[in-house]
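Single-structure report; data block below.
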Amino acid sequence: KIEYSTDNGKTYVEEMPTITNASSVTITAKISKEGYETETVTMEAKIDKAPGKLLLPAYSGVDINEIKVTESTGPIRAVSSDTNIATVSVEGNTIKITEVGVGMLDITIISEETDNYYSKEETFRLSITEKYEWSFPTIS
């Protein structure tokens, strides 16, 4: 018979323990059979964080003002490499890009680290070629 303990041998159960989150757990196994000496084995089980996920749709040669993150393992954050060209903001799983000037910049989208996942980031280059400014005449 094999029994397991996760509380330093205070209590034992026959069901093998399961670990559902990234953590470290000490497991003691007690192996016994009638007529034989009981053996115990203790080990440290470490479950490491999983790689983060960040899935973005493919864009190429199109005007974009919003990017919808299709999958992420953590909260989303976005950074503009040049806020004189464009700023970014995050609302839920949507990154909003606001043009401020013209030029090239990098937009980095980050899925933040959590208890169970490492962070993941994607960077892409954005070229803003024209900034339209509208003015309307005042009618008196």
* For the chain, what % of the accessible area comes from carbon and sulfur atoms, probe 1.4 Å? -> 49 percent
* **Sites matching GluC sites (Glu not before Pro) across the range 17-119 that sit in DSSP coil, with at most 12 neighbouring C-beta atoms within 10 Å** => E34, E37
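The values are calculated or read from the model by the stated rules, or taken from the named source; none is laboratory data. The structure displayed is predicted, hence computed values, not measured ones. Cβ coordinates were reconstructed from backbone atoms using ideal geometry, including for glycine residues, and neighbour counts include every protein chain displayed. Remember, those area values only see protein heavy atoms, side chains included, never the ligands or the DNA or RNA. Shrake-Rupley method; radii C 1.70, N 1.55, O 1.52, S 1.80 Å.
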